[in-house]
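Accompanying notes for the structure given below.
Readers should treat all values here as calculations from the given coordinates under stated rules, not as data from a laboratory. Just so it is clear, the model here is predicted, and its values are computed rather than measured. Cβ sites come from the backbone with ideal geometry, for glycine too, and all protein chains shown count toward neighbours.
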Amino acid sequence: MAANNIAKTVGKLAIVAVGMFAFVFVVMVPLYNTLCDVLGLNGKYSGKQYEVVQANVDKGRSVTVQFVAANAEGMPWQFRPVEASIVIHPGAVNTIEFYAKNITGSDMVAQAVPSFVPSRSAQYFHKTECFCFRRQPLKAGEEATLPVQFIVDQDLPAEVTNITLSYTLFDVTAMDKASKGVANR
């Protein structure tokens, strides 16, 4: 009789655990992504895709764009912007670079995640080319210059005169190997 009760309890706990797991991935992840998209948090903005249009550069207005680089915990690479900040004109195409070096003795793969301050500036900051769009593999001791090309929209509110673009670099070596292992099956 006791073994039967234990089996029922374990079965109920397993159902609760599966339900909690499903709740997180079915409800919470899409809710989080939707909130980030709507509010422009963590550099996420999925509004209308940026389309190439005839650009008029607003030479009467300047915006300072600052660049910050950080490594996530456990990420041993050297990572920094080549320039700490630039002054741009809304509507102009701009290119900056970040520097990365794998200072370990092992090949690694990194992924950069952007964020913006103020967060509402994300919807006016259009990256046309960015190293953050794909994973960055570097062999042991290898270094790279990582470009970012962007346009700050002329519709940026006038009171926003400074934007900070920050990248956090994560070690995704294990994830990259796992996804390649799945793809090769």
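Of note:
- Protection-proxy order for peptides 98-107, 121-130, 150-159, each taking the mean of Cβ atoms within 10 Å per residue, highest first: 121-130, 98-107, 150-159
- Label-point separation, Thr95 to Thr145 (7 Å along Cα→Cβ), nm: 0.9 nm
- Label-to-label distance, Gln66 versus Lys8, with points set 7 angstrom from Cα along the beta-carbon direction: 6.2 nm.
- By the beta-carbon count within 10 Å of each Cβ, the least crowded to most crowded order of Met20, Met175, fewest first, is Met20, Met175.
- If you take all other residues with their beta carbon under 14 Å from the beta carbon of Glu143, and give Lys and Arg +1 and Asp and Glu -1, the sum is 0.
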